[in-house]
1. I'd like to check which strands (runs of 3 or more DSSP E) are fully inside region A:15-91 and have at least 1 residues that are closer than 24 Å to B:Pro56 by Cβ and within 15 Å of the chain's Cα centre (by Cα).
2. Of the residues A:Ile47, A:Ile51, A:Ile57, A:Ile86, which single one is at the interface with another protein chain (Cβ under 8 Å from one of its Cβ atoms), under 28 Å from B:Ser82 (Cα atoms), open to solvent by 60 Å² or more (accessible area, probe 1.4 Å) and not hydroxyl-bearing (Ser, Thr, Tyr)?
3. Which ones in region A:92-114 are touching a helix residue (DSSP H, G or I) at 6+ places or on another chain (Cβ under 9 Å) and part of a strand (DSSP E or B)?
4. Restricting the search to region B:1-42, which residues are open to solvent by 50 Å² or more (accessible area, probe 1.4 Å), without any contact (Cβ under 8 Å) to a residue 12 or more places away in the chain and not hydrophobic (A, V, I, L, M, F, W, C)?
5. Out of A:Asn34, A:Asn29, A:Asn21, which single residue is closer than 23 Å to A:Val97 by Cβ and of a type in the set (S, T, N, Q)?
6. So, in region B:25-78, exactly how many residues are in contact with a Lys or Arg (Cβ under 8 Å, 6 or more places away or on another chain), within 28 Å of A:Ala26 (Cβ to Cβ) and among the small types (Gly, Ala, Ser)?
7. Out of the residues in region A:92-135 that are within 12 Å of another protein chain (Cβ to nearest Cβ) and open to solvent by 20 Å² or more (accessible area, probe 1.4 Å), state the one that is nearest to B:Ser59 (Cα to Cα).
8. Conditions: (1) open to solvent by less than 20 Å² (accessible area, probe 1.4 Å); (2) over 30 Å from B:Val129 (Cα atoms); (3) touching a Leu at 6+ places or on another chain (Cβ under 6 Å). A:Leu74 meets all but one. Number of the miss?
There are 2 protein chains.
Amino acid sequence: MNTTVLTAESLTTNNFSDFGNVIETAGKNSFKINNEMCTRFDNLAEISFDIGVGKPIISIFRGKPYQLPIELNLMERHPLGSQAFIPIHKDPFLVIVASDLNGRPDIPKIFITNGNQGVNIFKNTWHGVLTPVVEECDFLVVDRSGPTSNLEEFLFEKPIILNFNLNPGLIAPQ
Amino acid sequence: MNTTVLTAESLTTNNFSDFGNVIETAGKNSFKINNEMCTRFDNLAEISFDIGVGKPIISIFRGKPYQLPIELNLMERHPLGSQAFIPIHKDPFLVIVASDLNGRPDIPKIFITNGNQGVNIFKNTWHGVLTPVVEECDFLVVDRSGPTSNLEEFLFEKPIILNFNLNPGLIAPQ
């Protein structure tokens with residue numbers, strides 16, 4: 001059996017809808033507040049989490065960049081809460097997700113952001129680790145904290161290879 | 001009675017501790033995750049909210065800049081939930097808060113961020129509206145959404161004036 005090699009597609013609200021929310025202003029409704037001084041793009045993502053023994057928290061992740069091609073060995077999911085990643089910068093990053101197939105990840109889908117997009121990954125959705133591809137950078141993370149385990153990992157039998165050109169023209173911020 | 005004129009001080013975890021959390025990496029503990037590729041600055045702020053009829057959401061606020069001197073006419077508080085503002089840029093902004101004095105705001109305190117700081121304002125804490133001072137810019141906002149009112153406003157009998165120099169040396173990102 002040959003090694004699986006995957007490429008990426010541009011992230012949109014539509015192609016990501018099975019996996020989570022895209023947190024961006026482009027194409028979203030808004031309204032004015034604060035005497036017209038502020039535009040609110042409201043409710044771009046809902047934070048869902050198990051309220052019995054956990055609480056939603058805000059953290060910052062500082063991620064080192066990955067070099068393509070990337071060997072994808074592992075995916076994970078969080079059964080008790082959603083997890084949002086919003087870049088505090090304008091570099092694109094990869095979003096790696098998969099549908100569930102009998103308790104394991106199906107073939108992953110690879111999305112690349114446009115520099116103005118964050119994501120909120122739904123509760124219990126398979127995803128890869130945070131994957132910057134340009135330089136070290138910070139992300140705001142909103143997820144669940146609690147005393148009970150909220151992590152399920154799946155190791156692929158053999159690595160899946162992510163390989164494609166990062167076209168500066170395609171990935172530049174809008 | 002003379003008009004009250006207030007100046008600003010630099011925001012720190014210590015001087016803001018009665019009003020909320022400072023969301024920043026400087027001086028905060030962290031640990032490595034994802035095979036050493038990522039540094040997690042964990043739990044910089046907790047999202048507190050009334051869980052009976054509301055939910056926490058993520059929005060983006062696009063704020064126009066205010067010019068100094070600023071006339072502060074109004075403060076507000078949200079009795080049912082905390083509210084976090086994290087800049088998706090590196091410009092400083094003003095954070096206006098006040099202790100409660102018999103159901104109205106005491107004399108406000110004015111803080112200025114260093115470009116790498118967000119804030120999470122505690123539930124039911126008096127604060128001013130979002131106040132960028134450099135140029136129009138976006139903020140990630142994490143707060144409560146729900147069918148019941150979560151806004152209390154207080155109008156000052158006469159405006160309080162915020163007036164000080166924005167020293168580029170003092171307010172530059174660290």
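The values are calculated or read from the model by the stated rules, or taken from the named source; none is laboratory data. Please read these numbers as outputs of a predicted model, since none were measured by experiment. Note: ideal-geometry Cβ built from the backbone for every residue, glycine included; neighbour counts use all protein chains shown. Heads up: the accessible areas ignore ligands, DNA and RNA and are worked out on the full protein's heavy atoms, side chains in. Shrake-Rupley method; radii C 1.70, N 1.55, O 1.52, S 1.80 Å.
1. Values: elements: A:20-23, A:31-33, A:38-46, A:55-63, A:70-77, A:83-87.
Answer list for region A:15-91: A:20-23, A:38-46, A:55-63, A:70-77, A:83-87.
2. A:Ile51
3. Across region A:92-114, the qualifying residue is only A:Ile112.
4. Correct list: B:Asn2, B:Thr12, B:Asn14, B:Ser17, B:Lys32, B:Asn35, B:Glu36.
5. From the options A:Asn34, A:Asn29, A:Asn21, the qualifying one is A:Asn21.
6. 2
7. A:Asn116
8. Just one mismatch for A:Leu74, condition (1).
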